[in-house]
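Have a look at the structure below, then the notes.
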Amino acid sequence: MWDPAAYLTYGDLRGRPFHELVARIPAERPRRVVDAGCGPGNLTATLARRWPSARLEAFDSSPEMVEAARAGGIAATVADVADWTPGPDTDVLISNATLQWVTGHADLLRRWAGLLPSGAWLAMQVPGNFDAPSHVLTRRLAASERWRTRLADVSLRGADTVGTPEDYADLLADAGCTVDAWETTYVQRLEGDDAVLEWISGTALRPIRAALADADWEAFRGELAELLAEAYPQRADGTTWFPFRRVFVVARTP
């Protein structure tokens, strides 16, 4: 279950990639703007201000996130991004930190590119840190003797979860699109004890949290906290540097 409150922790840091993605979309007067995987809607609201004349469509697969978005004034709906089809007037389609959860999302991007109208903009951003210590240590602990039986049904994403900028550029160029693809590593300054653990608890650790009872979850967190503290040492001022790579693509359909 998604926790909107946890998702909004470090909201400014989570929002920066979204804003930098949207800034690279030069659409002027789109008819429909879609936020595919809108989360709690706090970032979706900025799209209405960017394109005030557009019809705004937002959806997420989590009922909890959709409820939070609706509470914030966004007319969001519950839908699975893998099954969703863009309407014929969709001139801007944005997917922010969502497609990493979709197995085979390269095929999904190819399908969207073929369904969007001519001259539409397809923009997406995904985390590219699945080979970072935060994720490697989580997978290693989950596979350890103590936890592997209890987490046998949990699928944790590996380094091949997302492609490189070149992978996505090739895919969408082959679909006839004009493509702008890049990556950025943000060296994020986190505050507080166990800062990296708290950061990934609302994202990468969600499947583990869902699979464990409360006591086991706290035990797992305690073990992981020690590993992360070694990999990401806290500075003397109480802050922690957390490098976070993200992959961006903005494409225009032919």
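The values are calculated or read from the model by the stated rules, or taken from the named source; none is laboratory data. All of these numbers come straight from a predicted model, not from anything done at the bench. Cβ sites come from the backbone with ideal geometry, for glycine too, and all protein chains shown count toward neighbours. When the accessible area is computed, the model is the full protein with side chains, heavy atoms only, and any ligands, DNA or RNA have been set aside. Shrake-Rupley method; radii C 1.70, N 1.55, O 1.52, S 1.80 Å.
Against the conditions (1) aliphatic (A, V, I, L, M); (2) free of Cβ contacts under 8 Å to residues at least 40 places away in the same chain; (3) surrounded by 11 or more Cβ atoms within 10 Å (Cβ to Cβ), VAL247 satisfies every one except (2). Residue count for segment 1-39 under the criterion of being at pLDDT 95 or above, part of a loop (DSSP other than H, G, I, E, B) and among the charged types (D, E, K, R): the result is 4. Counting residues in segment 87-99 that are part of a helix (DSSP H, G or I) and in contact with a helix residue (DSSP H, G or I) (Cβ under 7 Å, 6 or more places away or on another chain) gives one or more. The single condition among (1) open to solvent by 20 Å² or more (accessible area, probe 1.4 Å); (2) farther than 23 Å from SER155 by Cβ; (3) in contact (Cβ under 8 Å) with a residue 24 or more places away in the chain that PRO86 does not satisfy is (1). Return a yes/no flag: does segment 117-128 have any residue that is under 20 Å from GLY37 (Cα atoms), open to solvent by less than 10 Å² (accessible area, probe 1.4 Å) and either part of a loop (DSSP other than H, G, I, E, B) or touching a Gly at 6+ places or on another chain (Cβ under 8 Å) (or both). Yes; the residues of segment 117-128 include at least one that is under 20 Å from GLY37 (Cα atoms), open to solvent by less than 10 Å² (accessible area, probe 1.4 Å) and either part of a loop (DSSP other than H, G, I, E, B) or touching a Gly at 6+ places or on another chain (Cβ under 8 Å) (or both). Considering the conditions (1) modelled with pLDDT of 95 or more; (2) surrounded by fewer than 20 Cβ atoms within 10 Å (Cβ to Cβ), ASN42 is excluded by exactly one of them, (1).
Being in contact with a helix residue (DSSP H, G or I) (Cβ under 9 Å, 6 or more places away or on another chain), surrounded by fewer than 16 Cβ atoms within 10 Å (Cβ to Cβ) and among the aromatic types (Phe, Trp, Tyr) is a condition met by at least one residue of segment 185-200. Considering segment 72-101, the residues that are farther than 13 Å from LEU47 by Cβ and hydrophobic (A, V, I, L, M, F, W, C) include one that is modelled with the lowest pLDDT, namely TRP101.
Is segment 206-223 home to any residue that is within 16 Å of the chain's Cα centre (by Cα) and not β-branched (Val, Ile, Thr)? So far as segment 206-223 goes, yes, one or more of its residues are within 16 Å of the chain's Cα centre (by Cα) and not β-branched (Val, Ile, Thr).
With respect to being free of Cβ contacts under 8 Å to residues at least 60 places away in the same chain and of a type in the set (Val, Ile, Thr), THR161 falls outside the description. Just one of the listed residues (TRP147, TRP121) is more than 26 Å from ASP91 (Cβ to Cβ) and of a type in the set (Phe, Trp, Tyr), and it is TRP147.
Of the helices (runs of 4 or more DSSP H) lying entirely inside segment 157-254, those containing at least 1 residues that are under 18 Å from ALA97 (Cα atoms) span 165-174, 195-201, 206-211. Within segment 154-170, if we keep just the residues that are at pLDDT 95 or above and not β-branched (Val, Ile, Thr), the residue that is most open to solvent (accessible area, probe 1.4 Å) turns out to be GLU166.
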